[in-house]
There are 2 protein chains.
Amino acid sequence: MQVLKLKDIGESGWVQRMRARVSSIPGRALVGIGDDASWISSPGSMLITCDLLIDEVHFLKELIPPRLLGRKSLAVNLSDIAGMAGVADYALLGLGLPRDIELKYLDDFLEGFLEMANEHKVELIGGDSCAGSVLTISVSVLGHPFSERPVLRSTAEAGDEIWLTGTIGDAGLGFEILKKCQRQELEIAQFHHSSLALRHFDPAPRLKVGERLAGLAKAMIDLSDGLTVDLGHILEESSKEQPLQAIVELEKIPLSEDFKKYYEGKPLESEEGFRIALSGGEDYELLFCAEQGSGGEIIKIGKELGLAVSKIGRIEPGEVPEIILLDEKGSQVPVPAVWFEHFPKEPQIPKG
Amino acid sequence: MQVLKLKDIGESGWVQRMRARVSSIPGRALVGIGDDASWISSPGSMLITCDLLIDEVHFLKELIPPRLLGRKSLAVNLSDIAGMAGVADYALLGLGLPRDIELKYLDDFLEGFLEMANEHKVELIGGDSCAGSVLTISVSVLGHPFSERPVLRSTAEAGDEIWLTGTIGDAGLGFEILKKCQRQELEIAQFHHSSLALRHFDPAPRLKVGERLAGLAKAMIDLSDGLTVDLGHILEESSKEQPLQAIVELEKIPLSEDFKKYYEGKPLESEEGFRIALSGGEDYELLFCAEQGSGGEIIKIGKELGLAVSKIGRIEPGEVPEIILLDEKGSQVPVPAVWFEHFPKEPQIPKG
């Protein structure tokens, strides 16, 4: 059987195919795919985010199944909306496609993208498809704040408690294991079914808990670059009037059973485990600051949604915006270096 | 003097630099660059478009000056909003950047982007910057219809006249000459100052005339893929109830003096001139259909804006959606083949 490639149907064939698939889904847009621009009747207050995902930078095309890549491409953008305590409404999908790409690959990618869209009631309303030397995915998401105002990064204050949803480090460790699979130290099929792989390949945007936190969280961010980098963003943005520091207690960092098991029960004593947990990135959990005394309500929300929420520290006035990591004895531990930099001075391995 | 590269300041350094530059411009956004998502107070009805521009597919980084690339990246998106008779409000800029790119290149690119934004009162409110194997630009633009409804592709009717703003073929010919420069048949410095080069490098989005056509044009599209392809889109989209054909009179096709001169006064008798004019693409003019009898008002608008508007044909009922090209004797001439296909069955030279 001949394998159908994109070039067998061309750009307009692919756009028609995508449009036919999308138009089978009921939608709210006044004009979706198929005109110069999309037309929507918008809520008065809107959130907009966009992310680029490029092969060999953000993912390894040879290793991530296309359906999961479709899901993840949308999920990382939805996570940004979740980080604002927002509701996602519409998505645009730009694709730069290698000229010899198979149609089946694109169909699977689109299926995953639409699956994730459907799970969060998001409508694909437009985009762009063109040639690209490597697979390049550009997603924009439009949404609106769940309550009157979104929750920003810049509104943390001294005295706030620092909270975290879920567990962190799993996706980062998943990627490390993936690289071992690449080096054939581990069987890839085995990895594909592990929980760590799924955290890496198929992150769940925390939109539901984000909505519930709309009245409670004072400042919030989604964890894409790792706890220390993203907590650093909250500190920098919130330190406009008074420098703030974050005191984080290492023993309160929420880690999964699989993460702990991989490091034989002592994850933070391993240099790698410590770095991955704190700055591995791609956790897509929510990090937020809340007033003291909100804990009961926060934990109740977590229980209702079946998602752990953990208090990991507090915000205090400081000399400069910085993170103070404390071990169980209360001794200060150095903050690990940034795990991934897009533009390193020295060459670096690609991100997963 | 050491040449500063992006990797000398890293991703966050570049985002801070961009943010500082943008925050010096007064804006309407409630939250712009610097949070998980941007936050705007939106008009009730919105238009959204996005386009990817990839080195060696949409442009040749070695040949287009970075300031003009910045201008063009936004202009091609603004043209989509113009094609809906819309007003552009906000832009998001995603950049996939080669790791050794110079900071000066990026500064110049951003300057051009902001110049174009300023000319059309568009505000840059967010985006994404990451590593990419080749320079990759993803732009999303949000706007609103100038009047209650945008002008769509799908609302042309039999009896309508077909109109065109400006002249076509110039950008396509500019690109052909550019390729000659690459092959060193022509001096690049000389070309850079020609009007054809400017049409290719620095297209002007027709937002102003688009707005004025809001009540007059019944169907409209911006010309990005060339007259025959884009007129074909209007026919296909408008043929839902009754198949429509377009009768186009070749002698009425508006061509610039420079275009005519290049082909020694007989542009459409040259096979190349004929193909470039009708399907060279990147014209970024507006093609629209209007009721018979609107001509006086349309020409008045053109005069007020100092932009030619030409009636090139009419819409009629047909057997299938198709374009009928007629020469000055009224004989039918074959429609030229598509000039550029992103996913050709056979290899093709990159687009400009």
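The values are calculated or read from the model by the stated rules, or taken from the named source; none is laboratory data. Worth saying up front: this structure is predicted, and the values here are computed from it rather than measured. Cβ placement follows ideal geometry from the backbone for every residue including glycine, while neighbour counts extend to all protein chains displayed.
Going residue by residue through segment A:160-175, is there one that turns out to be among the aliphatic types (A, V, I, L, M), closer than 30 Å to residue A:34 by Cβ and in a helix (DSSP H, G or I)? No - not one qualifying residue is present in segment A:160-175. So is residue A:94 under 14 Å from residue A:125 (Cβ atoms) and facing chain B (nearest Cβ under 10 Å) or not? So residue A:94 fits the description; yes. Within the option set B:81, B:137, B:125, being under 16 Å from residue B:19 (Cα atoms) and buried (at least 24 other Cβ atoms within 10 Å of the Cβ) holds for one residue only, B:125. Every condition in (1) assigned to a strand (DSSP E or B); (2) under 29 Å from residue B:12 (Cβ atoms) holds for residue B:25 except the one numbered (1).
Within 11 Å of chain B (Cβ to nearest Cβ), over 28 Å from residue B:143 (Cβ atoms) and not charged (D, E, K, R): does that describe residue A:103? Answer is yes for this residue. Report yes if residue A:299 is surrounded by 12 or more Cβ atoms within 10 Å (Cβ to Cβ), of a type in the set (Val, Ile, Thr) and within 20 Å of residue A:230 (Cβ to Cβ), otherwise no. Here the answer is no, as residue A:299 does not meet what is asked. Quick check on my filter: what residues within segment A:82-113 are assigned to a strand (DSSP E or B), among the hydrophobic types (A, V, I, L, M, F, W, C) and without any contact (Cβ under 8 Å) to a residue 60 or more places away in the chain? A:91, A:92, A:93, A:95 - these are the residues of segment A:82-113 that are assigned to a strand (DSSP E or B), among the hydrophobic types (A, V, I, L, M, F, W, C) and without any contact (Cβ under 8 Å) to a residue 60 or more places away in the chain. Which of the following residues is aliphatic (A, V, I, L, M), closer than 24 Å to residue A:336 by Cα, without any contact (Cβ under 8 Å) to a residue 24 or more places away in the chain and in the same structural domain as residue A:320 (by TED's automatic domain parsing): A:246, A:219, A:197? That would be A:197, the only listed residue that is aliphatic (A, V, I, L, M), closer than 24 Å to residue A:336 by Cα, without any contact (Cβ under 8 Å) to a residue 24 or more places away in the chain and in the same structural domain as residue A:320 (by TED's automatic domain parsing).
Kindly establish whether residue A:48 is in a helix (DSSP H, G or I), within 7 Å of chain B (Cβ to nearest Cβ) and under 24 Å from residue B:88 (Cα atoms). Criteria not met by residue A:48. The sole residue among A:56, A:62 that is within 9 Å of chain B (Cβ to nearest Cβ), surrounded by fewer than 22 Cβ atoms within 10 Å (Cβ to Cβ) and under 22 Å from residue A:174 (Cβ atoms) is A:56. List the pairs whose first member sits in segment B:60-76 and is over 22 Å from residue B:285 (Cβ atoms) and touching a residue at least 24 places away in the same chain (Cβ under 8 Å), whose second member is in a loop (DSSP other than H, G, I, E, B) and not polar (S, T, N, Q), and whose Cβ atoms are under 6 Å apart, counting only residues at least 6 apart or on separate chains? Correct list of pairs: B:61/B:135.
Matching residues to (1) within 14 Å of residue B:142 (Cα to Cα); (2) among the charged types (D, E, K, R); (3) touching a Leu at 6+ places or on another chain (Cβ under 8 Å):
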| site | (1), (2), (3) |
| --- | --- |
| B:5 | no, yes, yes |
| B:40 | yes, no, yes |
| B:43 | yes, no, no |
| B:47 | yes, no, yes |
| B:58 | no, no, yes |
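Within segment B:260-269, none of the residues are surrounded by fewer than 17 Cβ atoms within 10 Å (Cβ to Cβ) and either under 20 Å from residue B:340 (Cα atoms) or touching a helix residue (DSSP H, G or I) at 6+ places or on another chain (Cβ under 6 Å) (or both). Among B:159, B:232, B:166, which is closer than 25 Å to residue B:89 by Cβ and either modelled with pLDDT of 95 or more or of a type outside the set (A, V, I, L, M, F, W, C) (or both)? Answer to the selection: B:166.
As for segment A:187-210, it holds at least one residue that is closer than 30 Å to residue A:19 by Cβ, away from chain B (no Cβ under 14 Å) and touching an Asp or Glu at 6+ places or on another chain (Cβ under 8 Å). Confirm whether residue B:221 is of a type outside the set (Phe, Trp, Tyr) and at pLDDT 85 or above. Criteria met by residue B:221. Of all residues in segment B:118-133, at least one satisfies being within 14 Å of chain A (Cβ to nearest Cβ), over 18 Å from residue B:33 (Cβ atoms) and in a loop (DSSP other than H, G, I, E, B).
Scanning segment B:1-33 for residues being at the interface with chain A (Cβ under 7 Å from one of its Cβ atoms) and within 26 Å of residue B:102 (Cα to Cα) gives a total of 4. Within segment B:178-195, is even one residue modelled with pLDDT under 95 and under 17 Å from residue B:279 (Cβ atoms)? Yes, the conditions are met somewhere in segment B:178-195. Restricting attention to segment B:140-171 and to residues that are β-branched (Val, Ile, Thr) and within 14 Å of chain A (Cβ to nearest Cβ), the residue that is surrounded by the fewest Cβ atoms within 10 Å (Cβ to Cβ) turns out to be B:155. Any residue that is touching a residue at least 24 places away in the same chain (Cβ under 8 Å), in contact with an Asp or Glu (Cβ under 6 Å, 6 or more places away or on another chain) and farther than 26 Å from residue B:54 by Cβ - is there at least one of those in segment B:149-157? The answer is yes, given that some residue of segment B:149-157 is touching a residue at least 24 places away in the same chain (Cβ under 8 Å), in contact with an Asp or Glu (Cβ under 6 Å, 6 or more places away or on another chain) and farther than 26 Å from residue B:54 by Cβ.
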